[in-house]
Amino acid sequence: MSLKLVFLGRLADAAQAPERAVETVPSIASLLAGLEPDLSAMLGAEKIKIAVNGKIVVDRAVFTLRDGDEVAFLPPVSGG
Amino acid sequence: MSLKLVFLGRLADAAQAPERAVETVPSIASLLAGLEPDLSAMLGAEKIKIAVNGKIVVDRAVFTLRDGDEVAFLPPVSGG
Amino acid sequence: MAADVRLFSAPFEPGLEVDRFAAANPDAGGIAAFIGKVRPSGGVEALELTHYEPLTLPGMEALAREVESRWDVSGVLILHRSGLMEPGEPIVLVAAAARHRRDAIEAVDFAMDHLKSDSWFWKREKRADGWHWIEPREQDFADLERWN
Amino acid sequence: MAADVRLFSAPFEPGLEVDRFAAANPDAGGIAAFIGKVRPSGGVEALELTHYEPLTLPGMEALAREVESRWDVSGVLILHRSGLMEPGEPIVLVAAAARHRRDAIEAVDFAMDHLKSDSWFWKREKRADGWHWIEPREQDFADLERWN
């Protein structure tokens with residue numbers, strides 16, 4: 001009964017791993033609340049986009065997570 | 001004792017050959033006057049550029065031809 | 001042919017791909033292409049591009065469709081590397097085939113601007129003092145505004 | 001490397017040339033290229049390009065120097081066919097290597113505009129009813145005005 005978290009770019013450094021499994025929780029707010037405070041603050045920033053199962057979450061306040069979901073945290077992409 | 005004339009593009013059709021040797025004359029005006037009238041009129045048009053020995057002639061009225069010169073007649077180049 | 005969009009995890013050969021793309025678009029009079037390589041300048045020893053599979057390829061395919069809808073092109077090619085690369089290796093090849101040169105060139109320019117800003121790649125460079133993440137550049141946003 | 005300007009009387013391979021050009025410009029982050037081919041459309045069976053040797057190559061070399069003086073490019077490639085060509089064969093390849101993409105793309109665009117209008121090539125097409133000389137196009141003059 002878990003969620004798969006994916007950390008992209010520099011977020012992988014902050015999370016100390018590119019992926020992590022956590023216990024399933026119903027909302028993104030409660031997911032963030034269960035993480036280390038520094039990481040939680042970083043992931044909750046407005047410029048960090050969140051994708052669930054490959055789709056960008058438009059309104060993260062009302063989004064409902066389900067068991068087995070893949071939740072990806074996407075920082076701004078790099079310029080060239 | 002001759003000049004080598006070179007006809008580019010459609011001028012080669014009009015002259016019925018890509019090249020022709022003619023007796024040396026001192027000026028471009030006399031060169032043109034010695035050719036068939038239709039060809040002469042075509043070659044004398046302002047849009048036809050003239051190169052002597054690989055250099056474009058800037059003022060054809062005062063240019064002096066010398067024995068052995070290569071005189072090229074260059075119509076507007078093709079787009080495409 | 002329609003769009004040809006591919007991700008590579010190993011080096012690809014831009015010239016070969018351009019020739020194949022030209023052959024696949026026999027009716028186009030012109031092929032415009034842009035090849036981006038890992039720059040050897042600035043003490044960069046290696047470059048790593050990370051992407052997020054569920055978003056990267058669909059994003060590139062959507063960009064190719066956008067290019068096809070905006071310009072009169074007969075084909076669009078978007079090839080992108082990921083993984084670890086050395087200086088001089090190609091990162092990206094974008095090409096467009098069109099009847100008219102201006103369409104082909106503008107389509108490539110547009111695709112490159114959006115590829116760099118819209119697609120899901122994260123880049124870090126290895127220098128003498130270790131790995132550094134690369135942030136978005138101001139210039140990229142300026143480039144994008146040209147199309148709005 | 002500096003400018004690489006060549007005339008071909010037989011087919012050349014654009015992809016191979018682009019790869020060699022990229023390798024010859026290791027410091028450039030980007031290579032922009034344009035390949036012009038003989039269009040198969042409009043019932044064209046063959047194309048013949050005539051040039052005037054004493055003017056053609058010096059003209060192309062002068063254009064390459066002009067491109068190098070206008071843009072921050074590390075190399076310019078201008079390859080041009082002459083003689084009899086069949087539909088699909090490459091006629092021209094122009095490429096520019098630069099640190100920045102916009103320089104490379106604009107350099108290629110500029111070179112193509114001027115190559116078509118300034119260089120000494122005469123073109124005729126073979127159709128079912130015989131050979132036809134191609135006149136300058138209005139569009140070429142409009143393209144040139146962008147740079148003045």
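The values are calculated or read from the model by the stated rules, or taken from the named source; none is laboratory data. None of the values given here were measured: they were computed from a predicted structure. Here the Cβ is made from the backbone with ideal geometry for all residues, glycine too, and neighbour counts use every protein chain on show.
Here is how the numbers come out for the structure above:
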{"item": "Of residues in the range D:31-52 being farther than 18 Å from C:V94 by Cα and of a type in the set (G, A, S), the one modelled with the lowest pLDDT", "result": "D:S41"}
{"item": "Residue in the range B:62-80 that is farthest from the chain's Cα centre (by Cα), counting only those that are assigned to a loop (DSSP other than H, G, I, E, B) and within 14 Å of chain D (Cβ to nearest Cβ)", "result": "B:G80"}
{"item": "Among residues of the range A:20-61, those that are within 14 Å of chain C (Cβ to nearest Cβ), in contact with a helix residue (DSSP H, G or I) (Cβ under 9 Å, 6 or more places away or on another chain) and part of a loop (DSSP other than H, G, I, E, B), counted", "result": "4"}
{"item": "Total residues in the range D:75-118, condition more than 19 Å from C:L93 (Cα to Cα), touching a strand residue (DSSP E or B) at 6+ places or on another chain (Cβ under 7 Å) and within 12 Å of chain C (Cβ to nearest Cβ)", "result": "9"}
{"item": "All positions within the range D:85-111 that are within 11 Å of the chain's Cα centre (by Cα) and either of a type in the set (V, I, T) or buried (at least 22 other Cβ atoms within 10 Å of the Cβ) (or both)", "result": "D:P90, D:I91, D:V92, D:L93, D:V94, D:A95, D:V108, D:D109, D:A111"}
{"item": "Residue list for the range B:1-49, filter: free of Cβ contacts under 8 Å to residues at least 12 places away in the same chain and closer than 21 Å to D:E135 by Cα", "result": "B:A12, B:D13, B:Q16, B:A17, B:S40, B:A41, B:A45, B:E46"}
{"item": "Search result, residues across the range C:92-127 that are modelled with pLDDT of 95 or more, under 26 Å from A:A51 (Cα atoms) and in a strand (DSSP E or B)", "result": "C:V92"}
{"item": "Residues of the range D:60-74 that turn out to be within 14 Å of chain C (Cβ to nearest Cβ) and not hydrophobic (A, V, I, L, M, F, W, C), as a count", "result": "2"}
{"item": "Single unsatisfied condition, C:P87 versus (1) assigned to a loop (DSSP other than H, G, I, E, B); (2) closer than 30 Å to D:P40 by Cβ", "result": "(2)"}
{"item": "The range A:1-12 - residue that is touching a Phe, Trp or Tyr at 6+ places or on another chain (Cβ under 8 Å) and outside any loop (DSSP other than H, G, I, E, B) and, of those, farthest from C:K126 (Cα to Cα)", "result": "A:L5"}
{"item": "Within the range A:25-52, considering residues that are under 28 Å from C:L57 (Cβ atoms) and loosely packed, with under 14 Cβ neighbours inside 10 Å, the one modelled with the lowest pLDDT", "result": "A:E46"}
{"item": "Scope the range C:1-46; condition facing another protein chain (nearest Cβ under 7 Å), under 15 Å from C:A104 (Cα atoms), surrounded by fewer than 23 Cβ atoms within 10 Å (Cβ to Cβ) and not charged (D, E, K, R); matching residues", "result": "C:P26, C:G29"}
{"item": "Subset of the range D:68-84 that is of a type outside the set (K, R) and not in a strand (DSSP E or B) - its residue that is surrounded by the fewest Cβ atoms within 10 Å (Cβ to Cβ)", "result": "D:S69"}
